[in-house]
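The structure appears right after this line, and notes come after that.
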Amino acid sequence: MVERRVDPINIDVSELVQRSVASLYANLITRPTGRAVRRAIEQQLLGDGRMAISLIDFTEVRILDFSCADEVVAKLVARYLSSDRPRDAFFLFRAVEELHAHTVEEVLLRQRLAAVCDVGGGHFQLLGEVAGRERDVWERIERTGRLMPGDGDSVLGSGWNPAADSLASRRLIFVGPGGALTALSAMV
Amino acid sequence: MRVVEIAPSLDYRTIETLYDALDDDLDGPVLFDARHLRWVDPNGMVGLLAAARVVGDRTGAPVRISFPENADVSSYLTRMGFLTAAAQVYDMPATKGRRSDRASDVLLEITPVHTNSDVHAVIERVQTRAGRVLTRNLGYSAAAVVQFSVVLSEVCQNIIEHAEAPGWVAAQSYNWTKRLGRQVVVIAVSDLGRGFKGSLTDEHSGRFGDRWGDVTALEAAFIHGLTRFPDSGRGQGIQQIRKQVGRWGGLLSIRSGTARIADTPDWSEMPPVEEGLTHFPGAQINIILPERLSDG
């Protein structure tokens, strides 16, 4: 099974901010705070080299400002997309508050990035910059959960490969060794 | 001793009278004569602090202040924490620098911002009071309290990230019955740092050529979101503040060097750009949020 090779790591950001930053502030504000939290997340992701899928949870965070979100979300995503990434990792964000989802989306858009986000009730959305066909393919995979390549045309429509390749390279879906397409939400 | 007369009204509309008064060749001890002050908003208060620091640095001599004769104004300044803050920049008796009693009508007392911890403290402190003022007085939604905190956080960070110098922030709500027929919240932020032109010159002046100056620097940051950092994630603070203040129908202005740029709603007569103002160091940000007329 592909999933056995994945190391699931759940990170409660509100807990992390209190452990990582030299204060007891519950709000995720200011760039240095965001930087400290991101480094703490990266520290938690240090592992045995297995692929990791990490759920970054903002549920208990009251205030999330743009400077902090840029560090915790956008820079984290960008770091693990770069060729010198410390580990193969996939990220999902849980931002139940609508305002947090808005903030996450804005910082992603600024850097032309995208991420999968649980916006409440287990409803996952694609936030950030995503082309129309990519979004359509992602939503179909998200609804299906896991899709064998042979079912691609019937579920995703013809010509789905480029969009799926792009989603995979942006780490918005997981493609297993056999070519199975898996929604990140199905892996956590 | 040279005397700088403070106008009877010192707010975001009249603050230039203060900066203009500093244009003279001040030297030696200086007295800010605020005895006739009858109306002052957060812009006026942080302006008085910044002006004293500028004059003190320029002259190397004591800067003193005569406090308002009007008891209500004096009491208000005390509640806003002006005396405490003034003790750091004015040469005044220690007894004058007594701490404010954190009166319930104050949204955010004058608060020095030096570090990111100060920003955290501001946001922690303002939560309860902002919730009350914004929802009860201004008719904002509960979610707006969080957005207000985000705006406040981002403007305070502007001091630390871009000015690289300390500054002050203050906020208060007013009933602008005659002027607007509505309640408003006024937020003022002032720093004495390098200013927008100073912050952006190394990275961006080349592309503007001879046009480079305070106005173009403000436009670069305000309209285009440029910063001195190569990181593309930077510069969105002001952009997001503009969006949010615009959604609330508010006024946002930034003065730096000899220029001011603003997003002006219908109810404001402030021009979108002013130049040729008296030079004043750093940057001064003014945000005015009006009471909602409809649900939102």
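Just so it is clear, none of the values below were taken in a lab; they were calculated from the coordinates. Predicted, not measured: the structure shown is a model, and the values here were computed from it. Cβ: placed from backbone, ideal geometry, glycine included. Neighbour counts: every protein chain shown.
First check a/c for chain A, with a ≥ b ≥ c the square roots of the eigenvalues of its C-alpha gyration tensor; if it is under 1.5, answer rounded, and if not, answer prolate when a/b is larger than b/c or oblate otherwise. Before the final figure, lay out each step's value.
Values: a/c = 2.07, a/b = 1.63, b/c = 1.27.
Since a/c reaches 1.5 and a/b is larger than b/c, the shape of chain A is classed as prolate.
So the label point goes 7 Å from the Cα of residue B:121 along Cα→C-beta, right? Which residues of region B:171-195 then have their backbone N under 19 Å from it?
Taking a point 7 Å out along Cα→Cβ of residue B:121, the residues of region B:171-195 whose backbone N falls under 19 Å are B:171-172, B:188-192.
Rank-order B:120-131, A:79-90 by packing density, defined as the average count of other C-beta atoms within 10 Å over each peptide's residues, highest first. Don't skip to the end; give the middle numbers.
Details: B:120-131: 18.8, A:79-90: 14.2.
So the order, starting with the most tightly packed, is B:120-131, A:79-90.
Over chain A, what relative contact order in percent results from Cα pairs under 8 Å that are six or more residues apart? All intermediate terms of the calculation are to be shown ahead of the outcome.
On the way: 338 pairs, mean separation 34.0, N = 188.
It rounds to 18 percent for chain A.
Report the convex hull volume per residue for chain B, counting only C-alpha atoms, in Å³. Could the numbers behind the result be given before it?
Details: hull volume 38.3 nm³, N = 296.
That works out to 129 Å³ per residue.
Label-point separation (nm) for residue B:9 and residue B:114, each offset 7 Å from Cα along Cα-to-Cβ?
About 3.7 nm separates the two model spin labels.
Please report B:279, A:100 as a ranked list, fewest other C-beta atoms within 10 angstrom at the top and most at the bottom. Intermediate values should be presented prior to the final figure.
On the way: B:279 13, A:100 24.
Going from sparsest to densest Cβ surroundings: B:279, A:100.
What ranking do B:191, A:136 get, fewest neighbouring Cβ atoms within 10 angstrom at the top? Show your work: numbers first, answer last.
Values: B:191 27, A:136 15.
Going from sparsest to densest Cβ surroundings: A:136, B:191.
Per the Kirkwood formula on distinct C-alpha pairs, the Rh of the protein assembly as shown is how many angstrom? Can you show the working numbers first?
Values: mean 1/r = 0.0409 Å⁻¹.
It is 24.4 Å.
What is the extension gain from residue B:64 to residue B:278, computed as 0.36 nm multiplied by their sequence separation minus the C-alpha to C-alpha distance, in nm to one decimal?
Numbers: separation 214, 0.36 × 214 = 77.04 nm, distance 2.21 nm.
Gain on stretching residue B:64 to residue B:278: 74.8 nm.
If r is the Cβ-Cβ distance from residue B:247 to residue A:88 and R0 is 45 Å, what FRET efficiency results, to the nearest 0.05?
Working: r = 40 Å, r/R0 = 0.89.
So the FRET efficiency works out to roughly 0.65.
Collect residues whose amide H, placed 1.01 Å from N in the peptide plane, falls under 5 Å from the amide H of residue B:4; neighbours closer than 5 in sequence don't count.
B:31, B:32, B:33
222 nm [θ] for chain A, helices only, -39500 (n - 2.57) per DSSP H run of 4+, per residue, to 500?
That calculation yields -11000 deg cm²/dmol at 222 nm.
Inverting the mean 1/r over all pairs of different Cα atoms, compute the Kirkwood radius of region A:131-188 and quote it in Å.
Values: mean 1/r = 0.0917 Å⁻¹.
Taking the inverse mean of 1/r over all distinct Cα pairs, region A:131-188 comes out at 10.9 Å.
So, R0 is 30 Å and r is the distance between the beta-carbons of residue B:132 and residue B:180; what FRET efficiency does that work out to, to 0.05? Spell out each step's value before the answer.
On the way: r = 21 Å, r/R0 = 0.69.
E between residue B:132 and residue B:180, to the nearest 0.05, is 0.90.
Pop a pseudo-label 7 angstrom from the Cα along the beta-carbon direction at both residue B:2 and residue B:201 and give the gap in nm to one decimal.
Result for the modelled spin labels: 2.4 nm.
Fewest Cβ neighbours within 10 Å first, please rank B:136, B:255, A:35 accordingly. Could you put the intermediate results ahead of the total?
On the way: B:136 11, B:255 28, A:35 18.
In order of increasing Cβ crowding within 10 Å: B:136, A:35, B:255.
Suppose only helical runs count, i.e. DSSP H with n ≥ 4. What mean residue ellipticity at 222 nm does that imply for chain B under -39500 (n - 2.57) per run, divided by all residues and rounded to the nearest 500 deg cm²/dmol? Numbers along the way, then the final one.
Working: 9 runs with 108 residues, N = 296.
After summing the helix terms and dividing by the residues of chain B, the value is -11500 deg cm²/dmol.
Could you give the dipole magnitude of the protein assembly as shown about its Cα centre, charging the beta-carbon of Lys and Arg +1 and that of Asp and Glu -1, in debye to the nearest 20?
On the way: 54 positive and 62 negative charges, 149 e Å.
Value, rounded to 20: 720 debye.
Need the full-extension length gain, residue A:99 to residue A:50, defined as separation in residues times 0.36 nm minus the C-alpha distance. One decimal, nm.
14.3 nm
What residues qualify as long-range amide H neighbours of residue A:10, i.e. H under 5 Å apart, gap of 5 or more or another chain, H built at 1.01 Å from N?
A:55
In whole angstrom, and with the biggest value first, how far do the Cα coordinates of region B:1-101 range along each principal axis?
Here the Cα extents, ordered largest to smallest, are 36, 31, 19 Å.
Treating the beta-carbon of each Lys and Arg as +1 and of each Asp and Glu as -1, no other charges, what is the dipole magnitude of chain B about its Cα centre, to the nearest 20 debye? Don't skip to the answer; put the middle values down first.
Numbers: 31 positive and 36 negative charges, 191 e Å.
Here chain B has a charge dipole of around 920 debye.
In a shell of Cβ-Cβ distance under 14 Å around residue B:37, excluding residue B:37 itself, what net charge do Lys and Arg (+1) and Asp and Glu (-1) give?
Values: positive: B:35, B:38; negative: B:5, B:11, B:33, B:41, B:69, B:72.
Net charge around residue B:37: -4.
From the phi angles alone, apply the Karplus equation (6.51, -1.76, 1.60; θ = phi - 60°) to region A:97-103 and give each ³J(HN,Hα) in whole Hz, x where the residue is Gly or Pro.
Couplings: 5, 4, 5, 5, 4, 4, 5 Hz.
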